[in-house]
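> Can you keep this structure in mind? I'll have questions shortly.
Throughout, read-outs are computed from the coordinates displayed, never taken from laboratory work. All of these numbers come straight from a predicted model, not from anything done at the bench. FYI the Cβ positions are ideal-geometry reconstructions off the backbone, even for glycines, and counts take in every protein chain you see.
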Amino acid sequence: MSTEVKEVLKQVGGPRSSELDAPLSSKRMLVNLGPSHPAMHGTARAVVELEGENIASCKLDIGFLHRGFEKSCESVTWTQVFPYTDRLNYVSSIMNNVGFALAVEKLCKLEVPERAQYLRTITSEIHRICDHLTLVGALGLELGAMTVFLYAIEGRDLLWDRLTELCGARLTSNYARIGGVSRDVPEGWIEKTETTLDRVVLLRDEIDGLLARNRIFYDRTRGVGTVSRADAIDLGFTGPCLRASGEAYDLRKAAPYLVYDRLDFDIPVGSNGDTYDRYLIRIEEMKQSDKMLRQCFRDMAPGELVVRDFRYVLPPKPEVYGTIEGVMAHFKLIMEGIQVPAGEVYGYTEAANGELGFYLVSDGSGRPYKIGLRAPGWPMLAALPIILHGALLSDLVPVFDSINMIGGEVEQ
Amino acid sequence: MAYQLDNRPLDLRERFYFPEVIRGIGTLAGHFLRNLFFSRDANPDILARPRGLGYSDNVTLQYPEEKAPYPPGYRGLHRLVPREDGSPRCVACYMCATACPAQCIYIEAAEVPGDPIEKYPAKFVIDELRCVVCGFCVEACPKDAIRMDTGEHAPPSLERVHQLLDEKALLRGPAVSYLSDPWLRRPAPSIPAEALAAMTASARPYPDASDEYAQTPGFSVKALAAEARERAERAGTP
């Protein structure tokens, strides 16, 4: 403070200079982000306490999308749960279908035909690409790169068009069934999908070229939202977020299911565990999924789509229309549901965001006694206040995006 | 095996900011110029639109004017499949209402006058607002009486009540008859003799490959049709 100012202050009887130089104890500001904020993915609210521009504490308020998934499942037959699982992670619905089907089949000790396993793998990997494209595009969008989002959505829509041809719906696919899958690939679908994948590769490389070495993107994501390897394990991370922190754990390698043990693919692993690594890991996983899909298309042989066991699978329509055995099996299966043997089981698959687990309890009747869901996005979302402690407010949105919280599965 | 991500720090050129910005603008300008000088292809099949030099990158459809047709097998709006005489194939067995996870189907059964066996749906109402479009009703139908092959989605309406489709609104589309239909195999008093003869003439042995919606989950329509043809040839019936 200049001596003249001090003189003036002395004359007017203002505060002493020591008072002026003391740090101001500012009030903390409370900011509500969401629930319906364009930058919040899904419908979630973050109550952020700000110390200047830094986040002093962050409280997450979820449940706006709560539908009572676990409880609803108890009042429907095992087959009728599939439409509910579609709506868990609505960006990659078939992965939830497959995860649930695998858990029930584990309880029934059913061996699914090989072609059905290949089809489940193919649709899961296509949906993994869709999920990662959405995340990468949205991450760019949040940092001001609108173009990237449009390219990503173009790729995702092309893949969804192929899935529409396969399962009859864009979003709520309802594709898997207990004992197999519902439909075979239409004529020329594989060639068309390969062309689509070529187009998606172009778009993905274009997105990567625009973002990865761009200094704006790099500075906004490198070192932001860092989670160390030990923290990631303690917090229960799985999937891309765990691998970005440096732990090479992937259920497709650690406990192979479907045909993953026959496919040649690698797991990308990060080292920093920041938003940039989480971005890079998604790009690499899309490359691996692409590789896997082409192998599946090459190796897949014609064959049965479901087990021919009418305790689990509806008999083919000509038998229902023409024979009494077919009609009886059909009516019993629809009215009483699949008689899953009593017992409990935990089925786990590697969904796009991490480990998707279904804990099933059956009492031997046609309906689930209890279903527990381990939503992949939940541990990451729960860790968000810890990750964000001390970060800038402007970093909240990209970090929130990079953990890929999907309201449908987190809030069940 | 696991491999490390390529997360090297930015080098001097990348930190210099402008070279990378110019490279990015180059990518975008390529798209921009193509879209500026070449017109949009209106093919609704986006994948079939030519790409590259000399073609627009635009992948949009001008929606209400241009519509992409839904692929065969798309789960669209329900319909009740009619028989050739215009009555529904539905025998009011309640299978679809049982299989529906959203409980959006309401049926009231009635006896066909003058026929000791046949039932028909006096009321068949689907609440399209409750429907989750899972297709279980189609799979559950033992008579191929309900399908979702209309190729259209539920139309918008200003009133909720307009989304309650009753049997009159649902009964439409091409008629279907199978040789295995019970009303063709025995003389059904409710159907006039000449109509019955016409229906028997047009009845098909089994769904052919174009009937995506006559399929059971997990079975290929084509394979089933071929299997049925073989069995019919072996049995010596047409």
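> Can you check what the net charge comes to around A:Leu135, using other residues whose Cβ is under 10 Å from the Cβ of A:Leu135 (Lys, Arg +1; Asp, Glu -1)? Present the calculation step by step, with values, prior to reporting the outcome.
Numbers: positive: A:Arg278, A:Arg282; negative: A:Asp131, A:Asp401.
Net of charged neighbours comes to 0.
> Moving on. Once you put a point 7 Å from the Cα of A:Ser26 and another 7 Å from the Cα of A:Ala56, both along the Cβ direction, what distance in nm separates them?
Each label point lies 7 Å from its Cα, and together they span 1.1 nm.
> For a 26 Å ceiling on Cα separation, which of these pairs sit above it: A:Lys109/A:Lys192; A:Lys253/A:Lys287; A:Lys253/A:Lys291? Could you put the intermediate results ahead of the total?
Values: A:Lys109/A:Lys192 35 Å; A:Lys253/A:Lys287 16 Å; A:Lys253/A:Lys291 15 Å.
The answer is A:Lys109/A:Lys192.
> Looking only at other chains, what is the average number of their beta-carbon atoms within 10 angstrom of each beta-carbon in B:134-145?
On the way: counts 11, 7, 7, 0, 1, 7, 7, 4, 10, 3, 3, 0.
Average per residue, whole number: 5.
> I would also like to ask the following. Sorted from fewest to most neighbouring beta carbons within 10 Å, what does the list A:Glu304, B:Glu194 look like? Write out the running numbers ahead of the final one.
On the way: A:Glu304 17, B:Glu194 8.
By the 10 Å Cβ count, ascending: B:Glu194, A:Glu304.
> A follow-up question, please. Based on the Cβ-Cβ distance from A:Leu150 to B:Glu152, what FRET efficiency comes out when R0 is 30 Å, to the nearest 0.05?
The computed FRET efficiency comes out at 0.60.
> Oh, and also: May I ask you to evaluate 6.51 cos²θ - 1.76 cosθ + 1.60, the Karplus curve with θ = phi - 60°, for each residue of the range A:167-177 and list the ³J(HN,Hα) values in order in whole Hz, giving x for glycine and proline?
Result, ordered by residue: 10, x, 8, 6, 9, 9, 6, 6, 9, 7, 9 Hz.
> Only four residue types carry charge here, +1 at the Cβ of Lys and Arg and -1 at the Cβ of Asp and Glu. Report the dipole size of the range A:132-250 about the Cα centre in Debye, rounded to the nearest 20.
Values: 14 positive and 18 negative charges, 53 e Å.
Once rounded to the nearest 20, the dipole reads 260 debye.
> Under 10 Å from the Cβ of A:Asp250, count the other residues' Cβ atoms, weight Lys and Arg +1, Asp and Glu -1, and hand me the total. Spell out each step's value before the answer.
On the way: positive: A:Arg243, A:Arg252, A:Lys253; negative: A:Glu247, A:Asp266, A:Glu285, A:Glu350, A:Glu355.
Charge balance in the 10 Å sphere: -2.
> Another question, if that's okay. Find how many whole Å separate the alpha carbon centroid of the range A:333-412 from the alpha carbon centroid of the range A:266-323.
19
> What residues have an amide H closer than 5 Å to that of A:Arg374, excluding those fewer than 5 places away on the same chain, when H is modeled at 1.01 Å from N in the peptide plane?
Close amide H contacts, sequence-distant or interchain: A:Gly357, A:Phe358, A:Tyr359.
> Rank these for me by crowding, A:Val201, B:Val138, going from fewest to most other beta carbons within 10 Å. Please list the in-between numbers first.
On the way: A:Val201 15, B:Val138 24.
Final ranking by Cβ density, sparse to dense: A:Val201, B:Val138.
> Something else now. Along the Cα→Cβ direction, 7 angstrom out, place labels at B:Arg186 and A:Glu344. What is the inter-label distance in nm?
5.1
> Mind checking the angle between helix B:18-37 and chain B's longest principal axis? C-alpha axes, 0 to 90 degrees, to the nearest 10.
50
> Within the range B:1-107, list the GluC sites (Glu not before Pro) lying in a DSSP loop whose Cβ has at most 15 other Cβ atoms in a 10 Å radius.
Values: sites: B:Glu14, B:Glu20, B:Glu65, B:Glu66, B:Glu84; in loops: B:Glu65, B:Glu66, B:Glu84.
Listed in order of number, the matching sites are B:Glu65, B:Glu66.
> B:Ala203 to A:Ala254: FRET efficiency via 1/(1 + (r/R0)^6), r the Cβ-Cβ distance, R0 45 Å, to the nearest 0.05? Don't jump to the answer; show the numbers that get you there.
On the way: r = 55 Å, r/R0 = 1.23.
Calculated transfer efficiency: 0.20.
> Continuing with this model, one more query. Any chance you could check the Cα centroid distance between the range B:19-35 and the range B:115-179 for me, in angstrom?
Using only Cα atoms to place each centre, the spacing works out to 52 Å.
> Determine the percent antiparallel among the DSSP beta bridges restricted to the protein assembly as shown, to the nearest 5. Intermediate values should be presented prior to the final figure.
Details: 43 of 48 bridges.
Counting DSSP beta bridges with both partners in the protein assembly as shown, the antiparallel share is about 90 percent.
> So which trypsin sites (Lys or Arg not before Pro) in the range A:57-153 pass both tests, a DSSP loop state and at most 15 other Cβ atoms within 10 Å of the Cβ?
Working: sites: A:Lys59, A:Arg67, A:Lys71, A:Arg87, A:Lys106, A:Lys109, A:Arg115, A:Arg120, A:Arg128; in loops: A:Arg67, A:Arg87, A:Lys109.
Of the trypsin sites (Lys or Arg not before Pro), the ones in loops of the range A:57-153 whose Cβ has at most 15 other Cβ atoms within 10 Å are A:Arg67, A:Lys109.
> Let me ask something else about it. Please compute, for peptide A:169-177, the average count of beta-carbon atoms on other protein chains lying within 10 Å of each residue's beta-carbon.
Working: counts 10, 2, 1, 5, 2, 8, 1, 1, 3.
Average per residue, whole number: 4.
> Over the Cα atoms of chain A, compute the convex hull volume and normalise it per residue, giving Å³. Each step should come with its number before you reach the end.
Working: hull volume 65.6 nm³, N = 412.
Value for chain A: 159 Å³ per residue.
> How big is the dipole moment of the range A:151-211 about its Cα centre under a simple scheme where the beta carbon of each Lys and Arg is +1, that of each Asp and Glu is -1, and everything else is neutral? Debye, nearest 20, please.
Values: 8 positive and 12 negative charges, 77 e Å.
The calculation lands at about 360 debye.
> For the range A:269-410, what is Rg from Cα atoms divided by 2.2 N^0.38 Å, rounded to two decimals?
On the way: Rg = 22.3 Å, N = 142, 2.2 N^0.38 = 14.5 Å.
Computed over Cα atoms of the range A:269-410, the ratio equals 1.54.
> Right, something else. Per residue of the protein assembly as shown, what 222 nm ellipticity follows from adding -39500 (n - 2.57) for every DSSP H run with n ≥ 4, rounded to the nearest 500? Please report the intermediate quantities before stating the final value.
Values: 27 runs with 274 residues, N = 650.
For the protein assembly as shown, the value works out to -12500 deg cm²/dmol.
> Now for a different question. Report the one residue of B:Tyr55, B:Ser202, B:Val176 whose Cα lies farthest in the direction of the positive end of the charge dipole of chain B (charges on C-beta: Lys and Arg +1, Asp and Glu -1; origin at the Cα centre).
About the Cα centre, the residue reaching furthest to the positive side is B:Tyr55.
> Still on this model: Over what distance in Å are the Cα centres of the range A:36-102 and the range A:200-226 separated?
The two parts, judged by their Cα centres, are 27 Å apart.
> Might you report the magnitude of the Cβ-based charge dipole of chain A about its Cα centre, with Lys and Arg at +1 and Asp and Glu at -1, to the nearest 20 debye? Before the final figure, lay out the partial values.
Working: 45 positive and 56 negative charges, 100 e Å.
Taking the Cα centre of chain A as origin, the dipole is about 480 debye.
> Continuing with the same structure: Using alpha carbons only, how many degrees (0 to 90, rounded to 10) separate the axis of helix A:3-12 from the longest principal axis of chain A?
With rounding to tens, the tilt is 80 degrees.
> How shielded is B:7-18 by partner chains, expressed as the average number of their Cβ atoms within 10 Å of its Cβ atoms? Please report the intermediate quantities before stating the final value.
Values: counts 13, 1, 2, 6, 1, 0, 1, 5, 3, 1, 4, 1.
Per residue, the number of nearby Cβ atoms from other chains is 3 on average.
> Among B:Ala140, B:Ala201, B:Ala175, which one moves the most in a GNM of chain B with springs linking Cα atoms closer than 10 Å?
Taking springs between Cα atoms under 10 Å, the residue moving most is B:Ala201.
> Ok, one more. At 7 Å along Cα-to-Cβ for each site, give me the label-to-label distance between B:Ala193 and B:Glu227 in nm.
Label at B:Ala193, label at B:Glu227, 3.9 nm between them.
> What are the ³J(HN,Hα) couplings of the range A:327-337, residue after residue, when phi is run through the Karplus curve with 6.51, -1.76, 1.60 and θ = phi - 60°? Round to Hz, x for glycine and proline.
Those phi angles translate into 5, 5, 4, 4, 5, 5, 5, 6, 6, 9, x Hz.
> Please give me, ordered by residue number, the GluC sites (Glu not before Pro) of the range A:156-211 that lie in loop per DSSP and have at most 12 other Cβ atoms within 10 Å. Kindly include the intermediate steps, with their values, before the conclusion.
Values: sites: A:Glu165, A:Glu187, A:Glu191, A:Glu194, A:Glu206; in loops: A:Glu187.
Within the range A:156-211, the qualifying GluC sites (Glu not before Pro) (loop, at most 12 other Cβ atoms within 10 Å) are A:Glu187.
> Enumerate the calculated ³J(HN,Hα) couplings along the range A:30-42 in order (Karplus 6.51 cos²θ - 1.76 cosθ + 1.60, θ = phi - 60°), each rounded to whole Hz, writing x wherever the residue is Gly or Pro.
9, 10, 9, 9, x, x, 10, 10, x, 8, 8, 7, x
> Taking a quarter of the surface of the convex hull around the Cα atoms of the range B:79-223, what do you get in nm²?
On the way: hull surface 36.1 nm².
Directional mean of the projected Cα hull area for the range B:79-223 stands at 9.0 nm².
> Once the Cβ-Cβ distance between A:Glu49 and A:Asp231 is put in as r, and R0 is 22 Å, what FRET efficiency do you end up with, to the nearest 0.05?
Numbers: r = 22 Å, r/R0 = 0.99.
The formula returns an efficiency of 0.50 here.
> For the range B:14-69, take the convex hull of the Cα atoms, compute a quarter of its surface area, and give me that in nm², please. Write down the numbers at each step before the final one.
Details: hull surface 20.6 nm².
Mean projected area for the range B:14-69: 5.1 nm², to one decimal.
> On to the next question. Would you mind ranking A:Ser289, A:Ser36 by Cβ crowding within 10 Å, fewest neighbours first?
Numbers: A:Ser289 23, A:Ser36 9.
Listing A:Ser289, A:Ser36 from fewest to most nearby Cβ atoms yields A:Ser36, A:Ser289.
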